[in-house]
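Student: The following block contains the structure, expressed as structure tokens.
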Amino acid sequence: MLKTAVLVTGASRGFGRCLALDFVRLLSDRDLDLHLWARTELDLKDTERMAHAEWSAASASNTLRCFLQAVDLSDPAVYTARVDQVLSTLATETYAQVFLVHNAGSLGQLGLVQESTLSPMAMQPYWELNVTSVMWLNKRFLDVFGATRDQLLDSAAVQTDTEQTQLVVVNITSLCGIEPFKTHMMYCTGKAAREMHHRVIATEQAALDKVRVLQYSPGPMDTEMQQTIRESPVVDSGLRHQFVEMKTRGTLIPPAKSSERGVRLAISGEFDSGAHVDYYDLDSSNEVKIMAGRTQDVARLMTRCSEIVPFKPVRTSWVRLQKDYNSPTSR
């Protein structure tokens, strides 16, 4: 019987909870092992309860199992042990697919670069949470589910083994990962590092179909993080004003709506591995479009962000990324 495992970090609330519930809704046709990670186990229990309610509502005849893990991804001594534990659990089962969803993240300190008050030591937990832990989870999951060096170098191994487990890595990213936003130095840097890390994985694993990478940017959502940006006195005034306007007009994206689009795309597999796909690149049926649906709100947002450091429009960036992925050196 078809069986799938999903691990979602930052699954205790907000967008991460939406992602977990959408995987439950959309994978109710098979047995599902759902691994939920966050710092607070109490909130994870709420997500677990909602997941079982969704499973029941779908009248699923298959089995849903939830595994909760309270883990601090800014502490390497904690998360390295947790990764080993979850991989030991996964190794006892046979899966058709394993989804590793990197949702956990934080804004970091806002403000101009020269205004940062953090010492190198004080910055370290931010990079652990937003970059290093992501890299380590990927490395360890690739140890188990990725193609080996010998397999990748063996041209005869290009034919996919239909019995193998496919690993789908989903990086929840942002426009900030490919374009600079004033007063978002730490956030942009962290997202950019994650983008490139996942592009490298997609490039290295491209010869075989064992590993696929989706970089999904959920768009400007109506979340607590968004509220923090709108209310911060150190955020660029033009950027803050734009977000306030979007909130007032009700044009911020509901997290549940963006989550469903992203999860449907991840499950469908209809994306170029390693590519950055934005919420606005997708129509309601999840057909990928090249920036065809971008709203005026986001266009004005990009214009205001370019006042200090000019950059190419996002459309150009998207085309450049697509060109890179279609080049012989990227496959």
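The values are calculated or read from the model by the stated rules, or taken from the named source; none is laboratory data. This one's a predicted model, so the numbers in the text were calculated from it and none came from an experiment. Cβ coordinates were reconstructed from backbone atoms using ideal geometry, including for glycine residues, and neighbour counts include every protein chain displayed.
Student: Quick one: what pairs do we get from the stretch 217-242, first residue hydroxyl-bearing (Ser, Thr, Tyr), second surrounded by fewer than 15 Cβ atoms within 10 Å (Cβ to Cβ), C-beta under 7 Å, 6+ apart or different chains?
Tutor: Going by the 7 Å Cβ cut-off, there are no qualifying pairs.
Student: Which residue out of GLN124, GLN97 is surrounded by 13 or more Cβ atoms within 10 Å (Cβ to Cβ) and free of Cβ contacts under 8 Å to residues at least 24 places away in the same chain?
Tutor: The conditions single out GLN124.
Student: Right, something else. Is the stretch 92-103 home to any residue that is of a type outside the set (D, E, K, R) and within 24 Å of ARG230 (Cβ to Cβ)?
Tutor: Yes, the stretch 92-103 contains a residue that is of a type outside the set (D, E, K, R) and within 24 Å of ARG230 (Cβ to Cβ).
Student: Could you look through the stretch 72-94, keep only residues that are in contact (Cβ under 8 Å) with a residue 60 or more places away in the chain and crowded, with 18+ Cβ neighbours inside 10 Å, and pick out the one that is nearest to LEU42 (Cα to Cα)?
Tutor: LEU73
Student: What residue, among those in the stretch 177-229 that are in a strand (DSSP E or B) and not aromatic (Phe, Trp, Tyr), is farthest from ARG249 (Cα to Cα)?
Tutor: VAL211
Student: Identify, by number, the condition in (1) at pLDDT below 95; (2) over 23 Å from TYR216 (Cα atoms); (3) in contact with a Ser or Thr (Cβ under 8 Å, 6 or more places away or on another chain) that THR165 doesn't meet.
Tutor: (2)
Student: For residues in the stretch 16-44 being surrounded by 24 or more Cβ atoms within 10 Å (Cβ to Cβ) and touching an Asp or Glu at 6+ places or on another chain (Cβ under 7 Å), which is nearest to ARG82 (Cα to Cα)?
Tutor: LEU36
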